[in-house]
1. Within segment 236-295, count every residue that is of a type in the set (Lys, Arg) and over 18 Å from the mean Cα position of the chain (by Cα).
2. Quick one: which helices (runs of 4 or more DSSP H) lie wholly within segment 305-365 and hold at least 1 residues that are within 22 Å of the chain's Cα centre (by Cα)?
3. Return yes when Ile197 is modelled with pLDDT under 85 and in contact with a helix residue (DSSP H, G or I) (Cβ under 9 Å, 6 or more places away or on another chain) and no when it is not.
4. Out of all the residues in segment 293-301, is one or more outside any helix (DSSP H, G or I) and in contact (Cβ under 8 Å) with a residue 40 or more places away in the chain?
5. How about segment 90-103: which of its residues are assigned to a helix (DSSP H, G or I) and more than 18 Å from Phe130 (Cα to Cα)?
6. Only one of (1) crowded, with 17+ Cβ neighbours inside 10 Å; (2) more than 30 Å from Met374 (Cα to Cα); (3) of a type in the set (Gly, Ala, Ser) is not met by Gly314, so which one is it?
7. Only one of (1) part of a helix (DSSP H, G or I); (2) buried (at least 19 other Cβ atoms within 10 Å of the Cβ); (3) out of contact with any Phe, Trp or Tyr (no Cβ under 7 Å at 6 or more places or on another chain) is not met by Leu123, so which one is it?
Amino acid sequence: MTKYVFKAIDSAKSVHTGTFDAHNKSDVINMLGNKGWRALSISEEGARKKGDIPLPSFLQKKAMKSEQLVIFTRQLSAMVSAGVPLLRALGSLEGHSEDATEKKIIGELYRDVQSGMSIGDALAKHPDTFNDVYVNMVRAGEAAGILDDILKRLAMQQEKSATMKKKIKSAMTYPMVLVGITVVAFFGLMIFVIPQIGKIIKDLGGPDSKLPALTEAMLGISSAITNYWFIVLPIVAGLIYAIMHYIKTPKGKRQFHALILKLPGISTIVQKVAVARFARIFSALMGAGVAVLDALDVTAHALGNKIYEEALLGAIDDVKNGATLSSVIEKTPLFPPIVSQMLSVGEETGQTDQVLVKVADFYEEEVDTAIDGMSAIIEPFMIVFMGGMVGLIAASVMMPIAGLSNQIKG
């Protein structure tokens, strides 16, 4: 007899874990079946693959990278479209995966599907990798028997999302590097340069010499940083942590998202990103056969902006009462007029998903253009900012030197 560790689910969707002594896994499955439970996973107690040395839990990755998810979806779509059985396709992908996290996730999917679980439910067990949009689209495709088509749509959607994220990250990299250099240069000057120059100026001018206000301010900042760094650093770190923590709370997140929608320049990009994401996700869900209200609910939570989320969740009630989505969207300033007009055409022709794909393509191009334009503006702005900071410090040094020079000539 061998002791097996199991995880099972009952008819009420409650998960149970435990052990059974049995001759093989089939006996365990039968025992669970007698209880009215369905097996999720079964393994021998203490079993471990040869050569496996597990990492501590805090070092283990829990999700696939976005690039890995795109490739996984594309490969699974190609194999299912070619007629390869789903279980065999998952087994093949697991066998050829080189990343430990990806291999583990696909392996768990394989075992869950092998035990009789639907692929949608198996994906839902990994929310860090497969979000609600992904899971709901797969479930809809599985129910309608068009899983291969849905996977193609998902692969395209994942690629578009990954491309947009890369574009935004790329545009933000250069300004963030400049900001980092500016901060390092500021503290370097304040800690190492300004104190020495201040000492020289006071030695030349004497203890009773009066320094310009700008120089006194710079020396005061420098003195505070060098003499009280053990107080300043915790305060700055605590302030940053408090702000970041507050932004993660529901109230803080909403206020932050409302703020960025009011910032000149940034608000335009945020709006276009949200509209493009709405059109892409909603069209994919509608194309997968998901009901309008369910598609709106899933899309609202996937946009990444609380203001847009609240607007779409509010639209659900109006649509329930018989209003068309296009008329509801038309009333909110968050969506440009073209969105409601295109939606109206889609509702009249019964091709909402196809119309919204065109909207998504248009606004993704608009995002690219807006990001390129912002990058062109940010670069000279950051250079001027850095130059202004260095000039301010230089002025605080040169002003007392010029004053001493005039005193010597006098």
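The values are calculated or read from the model by the stated rules, or taken from the named source; none is laboratory data. As the structure is a computational prediction, the values presented were derived from the model and not from experiment. Glycine also receives a Cβ, built like all others from the backbone with ideal geometry; neighbour counts cover every protein chain displayed.
1. Qualifying residue count for the region: 2.
2. Output list reads 306-320.
3. yes
4. No, segment 293-301 contains no residue that is outside any helix (DSSP H, G or I) and in contact (Cβ under 8 Å) with a residue 40 or more places away in the chain.
5. From segment 90-103, those assigned to a helix (DSSP H, G or I) are 90-96, 100-103; that's our starting set.
Answer for segment 90-103, where residues must be assigned to a helix (DSSP H, G or I) and more than 18 Å from Phe130 (Cα to Cα): Gly91, Ser92, Gly95, His96.
6. All conditions pass for Gly314, except number (1).
7. Exception for Leu123: condition (3).
Yes or no, residue by residue, for (1) surrounded by 13 or more Cβ atoms within 10 Å (Cβ to Cβ); (2) more than 16 Å from Pro400 (Cβ to Cβ):
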position: Pro175; (1), (2): yes, yes
position: Val179; (1), (2): yes, yes
position: Val184; (1), (2): no, yes
position: Gly188; (1), (2): no, yes
position: Ile191; (1), (2): yes, yes
position: Ala217; (1), (2): yes, no
position: Thr226; (1), (2): yes, yes
position: Pro234; (1), (2): no, yes
